[in-house]
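Peer 1: Take a look at this one; I'll ask things after.
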Amino acid sequence: MTRYVVQRALQSIPLLLIISFILFNFTNALGDPMAVYAESRNRPSARDREIIMRRLGLDRPILEQYLIWLIGNDWMPPIDVYGDGSRLERGTRRGVLRGDLGISFVTRRPSWTRIEERLPWTLILMVPSYVLTVGLAIAIGIFSAVRQYSFWDNLITSLSFFFYSMPIFFVALLTIYIFAVQFKRWGLEPIKWGGTGDGTLGSLLQHMVLPVFCLVAIQLAGYVRFVRSSMLEVLNQDYIRTARAKGLAESQVVRRHAFKNAALPLVTLIGLDLPFLLAGAVVTERIFAWPGMGRLFIESFERADVPVMMAILMVLSVAVVVFQLLTDIVYTWLDPRIRYS
Amino acid sequence: MTVKNRVCLALIVALALAMALASFGAPVQARDRDTLVVGFAQEPDNMNGFYSSMAFAQWANDLVQASLYDFSDDLKPVLVLAAEVPTRENGGISEDFKEYTIKLKPGLKWSDGKPLTAEDLVFTYQMIKDPANNMLQGSGIREALEEVELIDETTFRLRFNAPKPFPEEIVGSPGLPTILPAHVFRPIYEKEGTIENAPENQYPTVFSGPYVLREWKRGESMSFEANPNYVFGEPKIKRILIRFFPDTDSQYAALAAGQLDYVPNVSEGDIPRVAASNPDLKIVTVFGGYIESLWLNLRTDEHPRAGHPALKDVRVRRALRLAIDRETITRELLAGATKPTDSIYAGSPFENKELGVTPYDPEAAAKLLDEAGWTLGPDGIRQKDGVKLEFRYSTTTAGWRNNIQAVIQQQLAKVGVSVILEKYPASEFFGAFVNRGINAIGEYDIAQYANNTSLTNPVNATVDEALNCKQIPNESNPGGQNFTGFCSPELDAASLITKTSLDPKERLEAAYKIQEILRDQVPLINLFPRGDNYAYNTKRFAGAIRIGSGVGNQWFDIMNWELR
């Protein structure tokens, strides 16, 4: 087992390098970080813009920029800031391999600092909505499977598809208009939203209501359908009939014999989804002005802030690799038939 | 308990929990008389004015850092820290415009109680001058400043290597974004040789403006408190909370719901719906110097990509302007918030009022196109020698711009001009030549974006950079800013006069000439001046408020703002 884990970890190194190279090319192709100055009122002079480009290394070929991102430029020949050799400056970047994710082009602060500020808020929003989604999905999915084609099953299926087919921005803006704007007009107490509140737990929870509701509403359907079909498949197996024939209570059959087996594919799904909780919810965070990772990514994207985008993408890539490995390990624990060697 | 019962129970518990959460903690935001809640669409990137070119950063900065003098909404100078606006008459500026002597008001203080003296100003100009600080702003001062000298506690002197006829670019709020507290920055500068990486740039602690920054919750909000040491005393509004709403729809929803009192960036196309969303909202438009235009690609083949050959004929360019119904665009799409113009100085004191505005006249346009040899083909599109009159019309992905694109496409179709619409993210559209930016390499025939004019002097950045013969970009001049490829030595000569002449009358005449050349040569079709649109909730303010123009400081009159 240990050998397997070590082997997988070693395999992931070249994988991450390849991913980082591809992502670096993509993020650099997204636009020119200097373009933000185009329509700005206080546009820096052309000479100052050139100096910025040289100092950030934006005038270098993309391969060299990748190399700097990876292993830094503090060992390279100094940067010719003015382009005429009259001012040389030693590079200060240490590169990702030495733990330096780079400086944000926009704020001039370390990319990692920006992630650190946002990650907790994203988790505060994403983890409860994910737990709620999966919990509700299991409950509703089992219920639907056990009562297949009943009135309640049909109702739940229709409702879940209704939300599933709605775009998140629509659900989000609709909830804002109903629970905040219209509630106020109707003389009801509007639900607070926008940001994370005034620092107290009560205010935080209240500000979470609408975004969590939206996230659960649009994600729930997929999981419900998954649990339902997975349960239905298991409920038709011979060993379920055997369990029932033994005279076990239906609740026992469903919970211990059926669900435990039906849960295996669900674990795979959760394992695939968990790393993306770190990514945050781009649209939801933006609409509800939530200071999370999704918004940071979009804001960095809009200003072509390559170091921050790369830092986020690499954190996610590492998380995906790690969670894949964890999923495999959990599998051996859930299903003793599986062995890695 | 059966499974069914358990599921029901779980659902009931979840529902009850959601309802409980929704109802408790009612008075969350302080909606009191003392706190003004402002919505910003973007978060400032830096709190040192010298290291940002972002409007929102400048606006947040203007709350906490005072300038020597500001400009009011009608472009009158407003003294803040300076005792007087320097002129030749009062001796503040030497006869040759190379020497400035500035006097501060006596007894000024920083927010921490330390005296704010001419020494802080001397330090600030020294920092601007030192290239090791890598400032984004202040290049106009940096390139010409020879010496800065401390005269006494409230007086300092600047000496330049060339005449500097526009004091606002040197000591006014447009040119000097921030005054640095020497007692904070000097130790950092002496230790590190630069203030570029000072933590104070992100988390400033000492202020000269009406407010002090109390807390910056990253990604969420900034809170400010009144500065009792401000030169005009403590403002009536004790606290300001700036909340960041990256999504405009949710920002407008918060404004409609009364969660925001003041929003400084309503885009033109959104004015009608914002005004309709809440009857208490008032929209104030202050001209900010931007003019939305269609830039025509007149480049020749030696540049990376030439524009459509028809555009080289001035008759075609004039016909395009005649065929676009700008009046309808401003009335229908922009709620009549602005009017069409042919002047690149529109809205500024240097606008030539006799210039006139080309009317919408599709028949005259068709006649001009016929004259130029572009005749209607069987498919309804004009052509000449087998070349179709079909233009690539590109702009950014901003929704209001795309609406204008669609309307212009219809209008041009009426005179037999076909248009292919293209839209790009701003970072691609405005990218540099070396990064193959759409404008820079000329991948367009018509490009829509804003040009911008100074409101306090006749130097027009657009004419000076974006229409100058020397600025046409190509492989040997990749930094060039003239993406149209237009070249008129006459225009360049007039532009030089606006920059260097010491005679205001001569400068004004040159500005008028520039406007005439551009009206007649049409390298760009000016659509309309764009305003800075502010929305505020009248229920929250004790009376109407005055808001400054984009060129000065929108909070210039904040001492008179009062909440109720």
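Peer 1: Condition first: without any contact (Cβ under 8 Å) to a residue 40 or more places away in the chain and of a type in the set (Ser, Thr, Tyr). Now tell me which residues in segment B:450-495 satisfy that.
Peer 2: Those that are without any contact (Cβ under 8 Å) to a residue 40 or more places away in the chain and of a type in the set (Ser, Thr, Tyr): B:Ser476, B:Ser488, B:Ser495.
Peer 1: A further question follows. Quick one: how many residues across segment B:66-97 are within 14 Å of another protein chain (Cβ to nearest Cβ) and within 24 Å of B:Glu225 (Cβ to Cβ)?
Peer 2: Step one: filter segment B:66-97 for residues within 14 Å of another protein chain (Cβ to nearest Cβ), giving B:67, B:71.
In the following step, the residues that additionally are within 24 Å of B:Glu225 (Cβ to Cβ) were identified as B:67.
Here the count works out to 1.
Peer 1: Now a separate question. Whether any residue in segment B:180-194 is away from every other protein chain (no Cβ under 14 Å), assigned to a loop (DSSP other than H, G, I, E, B) and of a type in the set (Lys, Arg) is what I want to check.
Peer 2: Residues of segment B:180-194 that are away from every other protein chain (no Cβ under 14 Å), as a first pass: B:180-191.
Now drop any that are not assigned to a loop (DSSP other than H, G, I, E, B), which leaves B:180-181.
Applying the additional criterion that residues be of a type in the set (Lys, Arg) yields none.
No, because not a single residue in segment B:180-194 is away from every other protein chain (no Cβ under 14 Å), assigned to a loop (DSSP other than H, G, I, E, B) and of a type in the set (Lys, Arg).
Peer 1: Being within 14 Å of chain A (Cβ to nearest Cβ) and surrounded by 22 or more Cβ atoms within 10 Å (Cβ to Cβ) is the filter; apply it to segment B:530-549 and report the residue that is nearest to B:Ala41 (Cα to Cα).
Peer 2: B:Asp532
Peer 1: Let me ask you something else. Please work out which one of (1) outside the structural domain of A:Pro33 (by TED's automatic domain parsing); (2) out of contact with any helix residue (DSSP H, G or I) (no Cβ under 8 Å at 6 or more places or on another chain) is the condition A:Pro128 fails and give its number.
Peer 2: Failed condition: (2).
Peer 1: If you don't mind, another one. Is it the case that segment B:273-287 has a residue that's under 30 Å from B:Glu390 (Cβ atoms), outside any loop (DSSP other than H, G, I, E, B) and touching a Lys or Arg at 6+ places or on another chain (Cβ under 9 Å)?
Peer 2: The first filter runs over segment B:273-287 and keeps only residues under 30 Å from B:Glu390 (Cβ atoms), leaving none.
No, segment B:273-287 has no match at all.
Peer 1: Could you grab the pairs with beta carbons closer than 9 Å, sequence gap of 6+ or different chains, first residue in segment A:168-195 and farther than 21 Å from A:Pro291 by Cα, second one among the acidic types (Asp, Glu)?
Peer 2: Taking only residues 6 or more apart or on different chains, the pairs are A:Phe183/A:Glu189.
Peer 1: Tell me the residue from A:Phe170, A:Phe151, A:Phe213, A:Phe161 that is more than 9 Å from chain B (Cβ to nearest Cβ), under 22 Å from the mean Cα position of the chain (by Cα) and more than 23 Å from A:Leu316 (Cβ to Cβ), please.
Peer 2: Being more than 9 Å from chain B (Cβ to nearest Cβ), under 22 Å from the mean Cα position of the chain (by Cα) and more than 23 Å from A:Leu316 (Cβ to Cβ) holds for just one of A:Phe170, A:Phe151, A:Phe213, A:Phe161, which is A:Phe170.
Peer 1: Would you pick out the residues in segment B:477-507 that are farther than 18 Å from B:Leu296 by Cα, in a loop (DSSP other than H, G, I, E, B) and more than 14 Å from every other protein chain (Cβ to nearest Cβ)?
Peer 2: Matches in segment B:477-507: B:Ser501, B:Leu502, B:Asp503.
Peer 1: Still on this structure, I have one more. Kindly indicate whether A:Ala221 is surrounded by 20 or more Cβ atoms within 10 Å (Cβ to Cβ), touching a Pro at 6+ places or on another chain (Cβ under 9 Å) and in contact (Cβ under 8 Å) with a residue 12 or more places away in the chain. Give the steps one after another, and end with the answer.
Peer 2: Details: surrounded by 20 or more Cβ atoms within 10 Å (Cβ to Cβ): yes; touching a Pro at 6+ places or on another chain (Cβ under 9 Å): no; in contact (Cβ under 8 Å) with a residue 12 or more places away in the chain: yes.
No: the conditions fail for A:Ala221.
Peer 1: Using the structure shown, decide if B:Leu260 is in contact (Cβ under 8 Å) with a residue 12 or more places away in the chain and under 30 Å from B:Asp32 (Cα atoms). Outline the logic, then answer.
Peer 2: Working: in contact (Cβ under 8 Å) with a residue 12 or more places away in the chain: yes; under 30 Å from B:Asp32 (Cα atoms): yes.
So B:Leu260 passes the test.
Peer 1: Step by step: first the residues of segment B:408-449, then only those that are part of a loop (DSSP other than H, G, I, E, B) and at the interface with chain A (Cβ under 10 Å from one of its Cβ atoms), then the one that is nearest to the chain's Cα centre (by Cα). Which residue is that?
Peer 2: Taking the candidates together, the pick is B:Phe430.
Peer 1: Continuing with the same structure: Could you count how many residues in segment B:68-121 are on the phi < 0 side of the Ramachandran plot and either in a strand (DSSP E or B) or touching a residue at least 60 places away in the same chain (Cβ under 8 Å) (or both)? Spell out how you get there, then give the answer.
Peer 2: At the first step, the residues of segment B:68-121 found to be on the phi < 0 side of the Ramachandran plot are B:68-74, B:76-90, B:92-96, B:98-106, B:108-112, B:114-121.
From what is left, the residues that are either in a strand (DSSP E or B) or touching a residue at least 60 places away in the same chain (Cβ under 8 Å) (or both) are B:68-73, B:77-83, B:85-87, B:92-93, B:96, B:98-105, B:108-112, B:114-116, B:119-120.
Of the residues in that region, 37 qualify.
Peer 1: I would also like to ask the following. If you check B:Glu292 against the conditions, is it among the acidic types (Asp, Glu) and either in a strand (DSSP E or B) or within 14 Å of chain A (Cβ to nearest Cβ) (or both)?
Peer 2: yes
Peer 1: Follow-up question, since we're still on this one. Condition test on B:Arg315, is it away from chain A (no Cβ under 13 Å) and either free of Cβ contacts under 8 Å to residues at least 60 places away in the same chain or closer than 30 Å to A:Ala180 by Cα (or both)?
Peer 2: Yes, satisfied.
Peer 1: Just one of the numbered conditions (1) aliphatic (A, V, I, L, M); (2) within 14 Å of another protein chain (Cβ to nearest Cβ); (3) assigned to a helix (DSSP H, G or I); (4) closer than 30 Å to A:Phe170 by Cα is not true of A:Leu269; which one?
Peer 2: Of the numbered conditions (1) aliphatic (A, V, I, L, M); (2) within 14 Å of another protein chain (Cβ to nearest Cβ); (3) assigned to a helix (DSSP H, G or I); (4) closer than 30 Å to A:Phe170 by Cα, the odd one out for A:Leu269 is (2).
Peer 1: Quick one: count up the residues across segment A:27-58 that are hydrophobic (A, V, I, L, M, F, W, C) and assigned to a loop (DSSP other than H, G, I, E, B).
Peer 2: Of the residues in segment A:27-58, 3 are hydrophobic (A, V, I, L, M, F, W, C) and assigned to a loop (DSSP other than H, G, I, E, B).
Peer 1: Taking the condition of being part of a loop (DSSP other than H, G, I, E, B) and either away from every other protein chain (no Cβ under 13 Å) or surrounded by fewer than 19 Cβ atoms within 10 Å (Cβ to Cβ) (or both), how many residues in segment A:77-121 meet it?
Peer 2: Residues in segment A:77-121 being part of a loop (DSSP other than H, G, I, E, B) and either away from every other protein chain (no Cβ under 13 Å) or surrounded by fewer than 19 Cβ atoms within 10 Å (Cβ to Cβ) (or both): 19 in total.
Peer 1: Now for a different question. Can you tell me which residue in segment B:374-407 is nearest to B:Ile446 (Cα to Cα), limited to those that are aromatic (Phe, Trp, Tyr) and over 26 Å from the mean Cα position of the chain (by Cα)?
Peer 2: Step one: filter segment B:374-407 for residues aromatic (Phe, Trp, Tyr), giving B:374, B:391, B:393, B:400.
Filter once more, keeping what is over 26 Å from the mean Cα position of the chain (by Cα): B:374, B:391.
On the way: B:Trp374: 18, B:Phe391: 7 Å.
My answer is B:Phe391.
Peer 1: Restricting to segment A:122-165, and then to whatever is of a type in the set (S, T, N, Q) and crowded, with 22+ Cβ neighbours inside 10 Å, can you tell me which residue is modelled with the lowest pLDDT?
Peer 2: Filtering segment A:122-165 for residues that are of a type in the set (S, T, N, Q) and crowded, with 22+ Cβ neighbours inside 10 Å, the one modelled with the lowest pLDDT comes out as A:Ser160.
Peer 1: Of everything in segment A:272-291, what is touching a residue at least 40 places away in the same chain (Cβ under 8 Å), in a helix (DSSP H, G or I) and within 13 Å of chain B (Cβ to nearest Cβ)? Give them in sequence order.
Peer 2: A:Val283, A:Thr284, A:Glu285, A:Ile287
Peer 1: Does segment B:142-179 hold any residues that are in a loop (DSSP other than H, G, I, E, B), over 18 Å from B:Ser67 (Cα atoms) and in contact with a Phe, Trp or Tyr (Cβ under 6 Å, 6 or more places away or on another chain), and which are they?
Peer 2: Answer for segment B:142-179, where residues must be in a loop (DSSP other than H, G, I, E, B), over 18 Å from B:Ser67 (Cα atoms) and in contact with a Phe, Trp or Tyr (Cβ under 6 Å, 6 or more places away or on another chain): B:Pro163, B:Lys164, B:Pro165.
Peer 1: Would it be correct to say that A:Gly195 is in a loop (DSSP other than H, G, I, E, B) and either loosely packed, with under 15 Cβ neighbours inside 10 Å or modelled with pLDDT of 90 or more (or both)?
Peer 2: no
Peer 1: From the residues in segment B:314-345 that are closer than 17 Å to B:Gln409 by Cβ and among the acidic types (Asp, Glu), which one is surrounded by the most Cβ atoms within 10 Å (Cβ to Cβ)?
Peer 2: Applying the filter and picking the extreme gives B:Asp325.
Peer 1: Let me ask another. Any idea which of (1) closer than 30 Å to B:Cys487 by Cβ; (2) aromatic (Phe, Trp, Tyr); (3) modelled with pLDDT of 95 or more is the one B:Phe528 doesn't satisfy?
Peer 2: Checking B:Phe528 against (1) closer than 30 Å to B:Cys487 by Cβ; (2) aromatic (Phe, Trp, Tyr); (3) modelled with pLDDT of 95 or more, the one that fails is (3).
Peer 1: A follow-up question, please. Of all residues in segment B:258-277, which are within 10 Å of chain A (Cβ to nearest Cβ) and crowded, with 23+ Cβ neighbours inside 10 Å?
Peer 2: If we filter segment B:258-277 for residues that are within 10 Å of chain A (Cβ to nearest Cβ), which is where we start, we get B:258-260, B:277.
Those that are within 10 Å of chain A (Cβ to nearest Cβ) and crowded, with 23+ Cβ neighbours inside 10 Å: B:Gln259, B:Leu260.
Peer 1: Still on this model: Please work out which residue is nearest to A:Tyr130 (Cα to Cα), limiting yourself to segment A:224-259 and to residues that are among the basic types (Lys, Arg) and free of Cβ contacts under 8 Å to residues at least 24 places away in the same chain.
Peer 2: Taking the candidates together, the pick is A:Arg255.
Peer 1: Sticking with this structure for a sec: Just to be sure I understand the filter: pairs with C-beta atoms under 8 Å, separated by 6 or more residues or on different chains, first member in segment A:53-65 and away from chain B (no Cβ under 11 Å), second member surrounded by fewer than 18 Cβ atoms within 10 Å (Cβ to Cβ) and in a helix (DSSP H, G or I). Which pairs pass?
Peer 2: Going by the 8 Å Cβ cut-off, the qualifying pairs are A:Gly57/A:Glu64.
The values are calculated or read from the model by the stated rules, or taken from the named source; none is laboratory data. Values in this document were obtained by computation on a predicted structure and should not be read as measured data. As a convention, Cβ positions derive from the backbone with ideal geometry for all residues, glycine included, and neighbour counts pool all protein chains shown.
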